[in-house]
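The values are calculated or read from the model by the stated rules, or taken from the named source; none is laboratory data. In this text the structure is predicted, and so the values were computed from the model without any measurement. Backbone-built Cβ (ideal geometry, glycine too); neighbour counts: all protein chains shown.
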Amino acid sequence: MVSKPLIVIVGPTASGKTALAIDLAERFGGEIICADSRTVYKGMDIGTAKPTEEERARVSHWGLDLVEPDQRYTAADFKKYAEQKIIEIRSRGHIPFLVGGSGLYIDAVIFDYKFGDQADEKLRRNLEKMSVNELQDYCRKNNIQLPENDKKRYLVRAVEQKSINSRRNSEILNNAFIVGIATDKSELRRRIEQRANKIFEKGIVDEAKRLGNEYGWGHEAMTGNIYPLCREYLGGNLSIEEAKQKFITQDWRLAKRQLTWFRRNKFIEWRAIPEAKERIISLLASEH
C-alpha cells in the first residue's frame, strides 16, 4: 500500500499558509504539522500568531506548545518530532501537511538532514564564545553567506547551517510535494500590517508582561519576535504606535529573509493561493 503523500506548504509570514492548509486538510482528511520556530513555545500564543482554538477544532495541529520559553529547541529536535508525527498521521489513514515559514525546520525534514548531536553541541559552544565581529570574519573566511540580521544568534545559525550542508540529501523525500505561496509585495505588506493590528488588539502587551515576569527577558524565545518591543513599551521607551510600526518593519524584513531562503529550493512550486489550492486539490483528488 502506497503511503499518503506529504504536502508541504511554505511561504513568508502572513502569506496565508495556515488558512490554506486548514481548508485543504479539513477537506481531504489531513493533519497539520506546524514548522515554526516560534510556535513551539508554550504561552507564546498571541505574539506568534498560533492557530486559534476554532482552527484547531477543525483540523488537528501538531508542533505547537512543545517546550517552555526558557528551554532550547533545535531544528534537530523538530526533525525528529515531525518525522514521528508524519508516521502517526499516515498510520491513521490521514494526510500529513507540513506547513510553515521556518526554512531550516522545513529543509531538515524534506532533505533529511543528518544532525550529529555531539559535534553540533561542541560547535555551538565554540561559536558562542566568539564575538559578533569574530563570527562575521569566520563566515567570510569560510565562504558562509552573512545573514541579513547581524545579531549573534543569526550568525551562529548561519555557521551551523553551513556545517550540515554536506549531510543532507540533494533530492526531497519521496512522495512529498512542496508548494510556495507567492504573494504580491503590496498585498503581503498589507497582510503584515493587518496582522500586527490584530496582535495588539488581542493583548500582546499583557502576554509579554506575563512571560517576562515568569521566564525573564533574556532567553532566546524572549529576545526575538515582538516581545522585546513590548518590553520597550513597558519600560516607557516606546509608544504603542511606535512599537506596532517597528513590529511591522521587523516582520517585513523577516518575510524577505524567508523568501530568500525558500527561493534557493528548486523543488518548490510557487503559486498564488488560488492556484496553489487548485494544484493541491488536483494532486489529492487523484489519491482518492
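Looking only at the range 42-65, which residues are outside any loop (DSSP other than H, G, I, E, B) and either of a type in the set (Gly, Ala, Ser) or buried (at least 16 other Cβ atoms within 10 Å of the Cβ) (or both)?
Within the range 42-65, GLU55, ALA57, HIS61, TRP62 meet the criteria.
Could you tell me whether ASN225 is modelled with pLDDT of 95 or more and either among the polar types (S, T, N, Q) or touching a Ser or Thr at 6+ places or on another chain (Cβ under 6 Å) (or both)?
No.
Yes or no: ALA276 in contact with a strand residue (DSSP E or B) (Cβ under 7 Å, 6 or more places away or on another chain) and not in a loop (DSSP other than H, G, I, E, B)?
yes
Quick one: is ASP23 surrounded by fewer than 21 Cβ atoms within 10 Å (Cβ to Cβ) and more than 26 Å from ASP184 (Cα to Cα)?
When the stated conditions are applied, ASP23 does not pass them.
Would you pick out the residues in the range 174-202 that are in contact with an Asp or Glu (Cβ under 8 Å, 6 or more places away or on another chain) and without any contact (Cβ under 8 Å) to a residue 60 or more places away in the chain?
Scanning the range 174-202 gives a single hit, ALA196.
Which is surrounded by fewer than 14 Cβ atoms within 10 Å (Cβ to Cβ), touching a Gly at 6+ places or on another chain (Cβ under 9 Å) and either farther than 26 Å from LEU64 by Cα or of a type in the set (Asp, Glu) (or both), of ARG271, ARG264, ARG210?
ARG264
Filter the range 41-63 down to residues that are hydrophobic (A, V, I, L, M, F, W, C) and farther than 22 Å from VAL205 by Cβ, then give me how many there are.
Residues meeting the conditions: 3.
Quickly run through the range 182-207 and pick out the residues that are buried (at least 18 other Cβ atoms within 10 Å of the Cβ) and hydroxyl-bearing (Ser, Thr, Tyr).
THR183
All but one of (1) within 30 Å of LEU6 (Cβ to Cβ); (2) without any contact (Cβ under 8 Å) to a residue 40 or more places away in the chain; (3) among the β-branched types (Val, Ile, Thr) hold for VAL205, so report the exception by its number.
Only one criterion in (1) within 30 Å of LEU6 (Cβ to Cβ); (2) without any contact (Cβ under 8 Å) to a residue 40 or more places away in the chain; (3) among the β-branched types (Val, Ile, Thr) is unmet by VAL205, namely (1).
Whether any residue in the range 157-172 is out of contact with any strand residue (DSSP E or B) (no Cβ under 9 Å at 6 or more places or on another chain), over 20 Å from ASN265 (Cβ atoms) and modelled with pLDDT under 95 is what I want to check.
Checked against the condition, which is being out of contact with any strand residue (DSSP E or B) (no Cβ under 9 Å at 6 or more places or on another chain), over 20 Å from ASN265 (Cβ atoms) and modelled with pLDDT under 95, the range 157-172 yields at least one hit.
Exactly one of (1) touching a residue at least 60 places away in the same chain (Cβ under 8 Å); (2) part of a helix (DSSP H, G or I) is unmet by GLU232. Its number?
(1)
Within the range 80-115, track down each residue that is free of Cβ contacts under 8 Å to residues at least 12 places away in the same chain and not basic (Lys, Arg).
Selection gives GLN84, ILE87, GLU88, SER91.
Residue check, ASN133 against (1) touching a Leu at 6+ places or on another chain (Cβ under 6 Å); (2) assigned by TED's automatic domain parsing to the domain that holds TYR154, all met but one. Which one?
Tallying (1) touching a Leu at 6+ places or on another chain (Cβ under 6 Å); (2) assigned by TED's automatic domain parsing to the domain that holds TYR154, ASN133 fails exactly one: (1).
Any residue at all in the range 70-91 that's part of a strand (DSSP E or B) and not assigned by TED's automatic domain parsing to the domain that holds VAL205?
So far as the range 70-91 goes, no, none of its residues is part of a strand (DSSP E or B) and not assigned by TED's automatic domain parsing to the domain that holds VAL205.
Could you run through the range 185-200 and say how many residues are closer than 16 Å to GLN258 by Cβ and charged (D, E, K, R)?
Final tally of qualifying residues: 5.
Condition first: assigned to a helix (DSSP H, G or I), of a type in the set (A, V, I, L, M) and without any contact (Cβ under 8 Å) to a residue 24 or more places away in the chain. Can you find one or more residues in the range 23-40 that meet it?
No, there is no match, as no residue in the range 23-40 is assigned to a helix (DSSP H, G or I), of a type in the set (A, V, I, L, M) and without any contact (Cβ under 8 Å) to a residue 24 or more places away in the chain.
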